[in-house]
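One structure, as C-alpha cells, below. Some questions next.
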Amino acid sequence: MQLHDLTDQKVVLLGMGADVSAALPAIVGAGPASVVVVDANPSAVPAGLEAVTLEAASADADVFVRSPGFPRYQAPLTAALERGARMTTPLDLWMGTHGADRTVVAITGTKGKSTVTDLLGELVTRSGLSVGVAGNLGVPVFSDGWNHEAEIIVLEVSSYQAADLHHVPDMAIVSYLAEDHLSWHGSVERYVADKLRVVSNEAGTASRVLIPAVGGRAAEVLAEMGVVAEVIFPPAADKLVPVHRLQNAALAAAALTYLNGPELVDVEIVAAARRGLPGRLDACAGPDGVLCLDDALASNPSATAAALSWLRAMDRPTVVLLGGTDRGVDSSPLADEVACWDEGRLRAVVLPDNGRELADAVGITVVAEADDVADAVRHALAETRHPDAPEGQPAVLFSPAAATPKRIGNWETRAAQFREAVAADRG
C-alpha cells in the first residue's frame, strides 16, 4: 500500500508503538476521513485522537495500520479483512510510497538478520555509496534517524512486519530460516509464509534472492515456492570465528558486490565476521581465563544451538544461561547439539520462566536455578571455579533460547544485566 491509499479512508492505528508513532504525521497528512487508535495503554494515545476497542474499530474500518507486534490473527481483524478491509504497516507504506525510487535490499531470517543488516550497511558506507539503514533493528522507517534519500536502502524486516508487506524489494536476503514467534503467527506454516512475503508476494518476486549455504529451511521452502535463490558460501577461517558469523558476513559481501560495490576477498570477509554486536554472541570482558558471551538475542533454540556448536568446536567447557518466555518453538535443534557434547562439559543455569523445562527437554544438566540474570551469572562463574570443573578454558554463555519476559523488558535489558554482572565479578 501507499500513503495516498489512506485518503478519505477510515483508518485504525493498531498500537502506538515506535513505528506507528513515527509514521503518524505522514498518515494524518495523507488525508484520511478519520483516524482512531486501538491500544491497551490509554496514555499512549496521542492528543486529538480517539481510543476505541478492537471490536468497535473492526466494525467499519477501511484500513488498519498495524504496529509490528500487535497481534494480527484475532477474530475481529480476520472478520474485517474478510469483508474487504485492508491491513498495512508503516514499513509497507514506506516501501510502497518511496521504495520504487531507489534500490531496496530487505533482509529477514529467523536468526542473523540484524547482523547481516548491520554489516551490509557498514560495508556499503565504506565503499563510498550512499546508504540508509532502517527497519526492525530499531530505526522506524518514518523516523528522522536515518538517510531517507540514500540511493541504497537496507531494511531489516521481521516476520511481524513482513506479514502485511505488499511490495517486494530489489534484493532479498534470507539469513537463516527455522521457526519462531509461533504464539503470534499461530503455526510454523504461517510463520514461514508471513516471513517470506519479503521475498515474494502479490507484487511479484524480488529480482535477486540470496540465502546462506547453511540456511536451515530456506532453500527447501523457497524451492517449493518456485523462487530461484543464489546460495552464498562462507570462506574458511579458524575456529575462533563462529561459522554463522562467517556466513552472515559472506551474505553481506555478496550483496555489496551486486550493489556495484567492491568484491571482497576472503580475508576481508573474515575480518567483517569478527565485528561484534551486542546481544549477538559478543564477547565481553570477564574474569581471567573465562570467555563470557552476550548472546541475548538468541530467542529460539536453533540460535543457541549455533552458539554451542561453535564453543564445542573450540573444546570449551561451557555453562549456558537458559530461559525466558516459551513461544512454543521446536527445541530439537538444541537437543541435537546437546547430544554432541561429551558428558559433563555442558551445564546450564536456568532462568524463569521456562529454563528448567527447556533444559530438561534438551538434556542439559542443570547446576542451578536463578532468580534473574545477575544471579545466574554468579552461579555460572562459580561453576567455572569449582574444583571439579571440566578441564579447559571455560565459557559462560548467555543464550536464553527463549524470548525475554515482557515484565523484565526486552533483550537489551537482559544483555545489559549480563554485562553488568560480569563486570561486577571482574571488579
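Do any of K113/K239; K111/K406; K10/K111 go past 32 Å between their Cα atoms, and which?
As for pairs spanning more than 32 Å Cα to Cα, those are K10/K111.
Ignoring ligands, DNA and RNA, what percent of the 1.4 Å accessible area of the range 45-191 is carbon and sulfur?
On the range 45-191, the fraction of accessible area on carbon and sulfur atoms equals 48 percent.
Below 14 angstrom from the Cβ of L210, what's the summed charge of the other residues (Lys, Arg +1; Asp, Glu -1)?
Counting the neighbours of L210, the net charge comes to 0.
Summing Lys, Arg as +1 and Asp, Glu as -1, what charge do residues with Cβ under 14 Å from the Cβ of E189 carry, E189 excluded?
-2
Restricting to DSSP loop positions (anything but H, G, I, E, B) with no more than 11 other Cβ atoms inside 10 Å of their own Cβ, which trypsin sites (Lys or Arg not before Pro) remain in the range 323-427?
R385, K406, R407
Rounded to the nearest 20 Debye, what is the dipole magnitude of the chain about its Cα centre when Lys and Arg each give +1 and Asp and Glu each give -1 at the C-beta?
About 260 debye.
OK, next. If you count only protein heavy atoms with a 1.4 Å probe, what accessible area per residue comes out for the range 1-119, rounded to a whole Å²?
Per-residue accessible area for the range 1-119 comes out at 38 Å².
Determine ³J(HN,Hα), in whole Hz, for all residues of the range 341-355 in sequence, where each value follows from phi through the Karplus function 6.51 cos²θ - 1.76 cosθ + 1.60 and θ = phi - 60°; x replaces Gly and Pro.
Per residue, the Karplus-derived 3J(HN,Hα) values read 7, 5, 4, x, 8, 10, 9, 9, 10, 9, 10, x, 9, 10, x Hz.
Only loop residues by DSSP count here, and only those with at most 16 other Cβ atoms within 10 Å; note down the GluC sites (Glu not before Pro) in the range 364-427 that meet that.
E391
Rounded to the nearest percent, how much of the accessible area of the range 267-347 (1.4 Å probe, protein heavy atoms only) is carbon and sulfur?
It is 49 percent, rounded to a whole number.
Which ³J(HN,Hα) values, rounded to whole Hz and listed in residue order, are derived for the range 418-427 from phi using the Karplus coefficients 6.51, -1.76 and 1.60 in 6.51 cos²θ - 1.76 cosθ + 1.60 with θ = phi - 60°, glycine and proline given as x?
5, 5, 5, 5, 5, 5, 5, 5, 5, x
Short version: ³J(HN,Hα) in whole Hz for each residue of the range 185-199, in order, from phi by Karplus 6.51 cos²θ - 1.76 cosθ + 1.60 (θ = phi - 60°), x for Gly and Pro, what are they?
Running phi through 6.51 cos²θ - 1.76 cosθ + 1.60 with θ = phi - 60° gives 7, x, 6, 4, 4, 6, 4, 5, 4, 5, 4, 7, 5, 4, 7 Hz.
The values are calculated or read from the model by the stated rules, or taken from the named source; none is laboratory data. Because the structure is predicted, anything quoted here is derived from the model rather than measured. A quick note on method: Cβ atoms are made from the backbone with ideal geometry, for glycine too, and the neighbour counts reach across all protein chains shown. Heavy atoms of the whole protein, side chains included, go into the accessibility calculation; ligands, DNA and RNA do not. Shrake-Rupley method; radii C 1.70, N 1.55, O 1.52, S 1.80 Å.
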